[in-house]
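Some notes on the structure that comes next.
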Amino acid sequence: MRRVVASAPAKVNLHFGVGPLLADGYHSVSSLYQALDLREEVGIQTSTSTDWSIGVTGSITPEQLALVPTDESNLVVKAALLAARLAEFEVLKPLEFDIVKRIPVAGGMAGGSADAAAALLAAATKFKLGLTIEELERVAVELGADVPFALHGGTALGTGRGENLRRISLGRNLHFVMISTDAGLKTPSVYARLDRQRENAGVDPRAVGEPGEPSALIAALESGDLDAIAALIHNDLEPAALELMPELELTTAAAVRFGAIRAFVSGSGPTIAAMARDSSQAAELAARLRDANFVATPVMTTGRGTELLGE
Ligand code: ATP
């Protein structure tokens, strides 16, 4: 009956380069991931009934909470089944999951991946697998390309599908205001739109070159040069997300008008990340955005990855 709880961070991509469409439908990417201090929590315990269950609470809007699946398609179930397979269990008693959600759903901040990472660590602990976070990172890619990073945390360059991680040092903390919407964007449809845009421009999405390493951004992150970081942030998925949700242009324009030094689409969107100079400017920016009826959450970079909270 032991209940184990773990937490995992949201991410923003400070660089997202999308390479060729691969035969299996994925793309190779070059992703500069940054973990944020907005965290999900997942608790797991053996169920007292014969049914599996998933309870979801949290600070996101009721409309957003309703988007979280409570059946076996939820990534926490997939993560627990992966841990049970690694434990070579022949029989798995039904589990009870409780998720505390703070990351917007389908928002481009990898909330589902954070839940998967937290559930994987919690289940691995509950099943006494004795695996380190690094060892879990190696198996986690089967749950999703962003799950290894959610375990890892901090700042990292992800290549391949995003799962081959190299730690990057960050010379100073960065502050953002994340502006979310109730309507999500499905990541596959954003990639599909990018492929269509490439075709329309006469480029075969399968023949695009491999995405390069964002060396200038990495150097700016290491030295903590805020203006250079702001200028070098780049997201290949942004034009596709903006075409699918043109109103996001108004959001980025409002963020800049209210003082953001840069505003950009987070991952596959539709969350907009507005960069601020420091925590007080982030708080002021969030207040002004809220006054204009945006859902705005100030966040800061963190070095923390997935962690055990208690057992
Ligand atoms: P990414 O940035 O990794 O592309 P995202 O942040 O855009 O992802 P998520 O919130 O991770 O999107 O989830 C996308 C979809 O995954 C949801 O629409 C939902 O159907 C499904 N899903 C499965 N498990 C979860 C979960 N625990 N939390 C949220 N969504 C989940």
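The values are calculated or read from the model by the stated rules, or taken from the named source; none is laboratory data. Remember, it's a predicted structure, so these values are computed and weren't measured experimentally. Ideal geometry is used to build each Cβ from the backbone, glycine not excepted, and the neighbour counts take in all protein chains shown. Keep in mind that these areas ignore ligands, DNA and RNA; they rest on the heavy atoms of the full protein, side chains included. Shrake-Rupley method; radii C 1.70, N 1.55, O 1.52, S 1.80 Å.
Can you say whether residue 121 is in a helix (DSSP H, G or I) and within 12 Å of the chain's Cα centre (by Cα), as far as the supplied structure shows? Spelling it out, it is not the case that residue 121 is in a helix (DSSP H, G or I) and within 12 Å of the chain's Cα centre (by Cα).
When residues in the stretch 184-217 are screened for being outside any helix (DSSP H, G or I) and either within 14 Å of residue 242 (Cα to Cα) or among the hydroxyl-bearing types (Ser, Thr, Tyr) (or both), 3 of them pass. When residue 96 is tested against (1) buried (at least 17 other Cβ atoms within 10 Å of the Cβ); (2) modelled with pLDDT of 95 or more; (3) of a type outside the set (Ser, Thr, Tyr); (4) within 13 Å of the ligand (Cβ to nearest atom), exactly one condition is not met: (4). Scanning the stretch 1-24 for residues that are in contact with a helix residue (DSSP H, G or I) (Cβ under 8 Å, 6 or more places away or on another chain) and of a type in the set (Gly, Ala, Ser) yields 6, 7, 8, 10. Filter the stretch 42-87 down to the residues that are outside any loop (DSSP other than H, G, I, E, B), away from the ligand (no atom under 14 Å from the Cβ) and either of a type in the set (Val, Ile, Thr) or touching a Cys at 6+ places or on another chain (Cβ under 9 Å) (or both) and list them by number. Result: 46, single match.
If the condition is being on the phi < 0 side of the Ramachandran plot and surrounded by fewer than 16 Cβ atoms within 10 Å (Cβ to Cβ), then the stretch 193-210 contributes 196, 197, 199, 200, 201, 203, 204, 206, 207, 209, 210. Any residue in the stretch 235-257 that is open to solvent by 70 Å² or more (accessible area, probe 1.4 Å) and in contact (Cβ under 8 Å) with a residue 60 or more places away in the chain? No: zero hits. Once the stretch 99-135 is narrowed to residues that are free of Cβ contacts under 8 Å to residues at least 40 places away in the same chain and more than 10 Å from the ligand (Cβ to nearest atom), the residue that is surrounded by the fewest Cβ atoms within 10 Å (Cβ to Cβ) is 130.
For residue 277, the stated conditions hold: it is more than 16 Å from the ligand (Cβ to nearest atom), in contact with a His (Cβ under 8 Å, 6 or more places away or on another chain) and basic (Lys, Arg).
For every residue, the table says whether it meets (1) assigned to a helix (DSSP H, G or I); (2) open to solvent by 60 Å² or more (accessible area, probe 1.4 Å); (3) in contact with a Gly (Cβ under 6 Å, 6 or more places away or on another chain).
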residue: 269; (1), (2), (3): no, no, yes
residue: 274; (1), (2), (3): no, no, no
residue: 282; (1), (2), (3): yes, no, no
residue: 286; (1), (2), (3): yes, no, no
residue: 290; (1), (2), (3): yes, yes, no
residue: 296; (1), (2), (3): no, no, no
residue: 299; (1), (2), (3): no, no, no
residue: 304; (1), (2), (3): no, yes, yes
residue: 309; (1), (2), (3): no, yes, no
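Against the definition (farther than 20 Å from residue 29 by Cβ, in contact with a helix residue (DSSP H, G or I) (Cβ under 6 Å, 6 or more places away or on another chain) and open to solvent by 20 Å² or more (accessible area, probe 1.4 Å)), how does residue 228 come out, yes or no? When the stated conditions are applied, residue 228 passes them. Of the residues making up the stretch 139-165, those that are assigned to a helix (DSSP H, G or I) and among the β-branched types (Val, Ile, Thr) are 139, 141, 147.
Limited to the stretch 140-162, what total is found for residues that are surrounded by fewer than 18 Cβ atoms within 10 Å (Cβ to Cβ) and closer than 18 Å to residue 92 by Cβ? Number satisfying all stated conditions: 1. A count restricted to the stretch 189-218 and to residues that are under 29 Å from residue 168 (Cα atoms) and free of Cβ contacts under 8 Å to residues at least 40 places away in the same chain stands at 2. Here residue 221 passes the criteria (1) touching a residue at least 60 places away in the same chain (Cβ under 8 Å); (2) exposed (fewer than 13 other Cβ atoms within 10 Å of the Cβ) except the one numbered (2).
Taken together, the residues in the stretch 114-134 that are more than 24 Å from residue 51 (Cα to Cα) and of a type outside the set (A, V, I, L, M, F, W, C) amount to 3.
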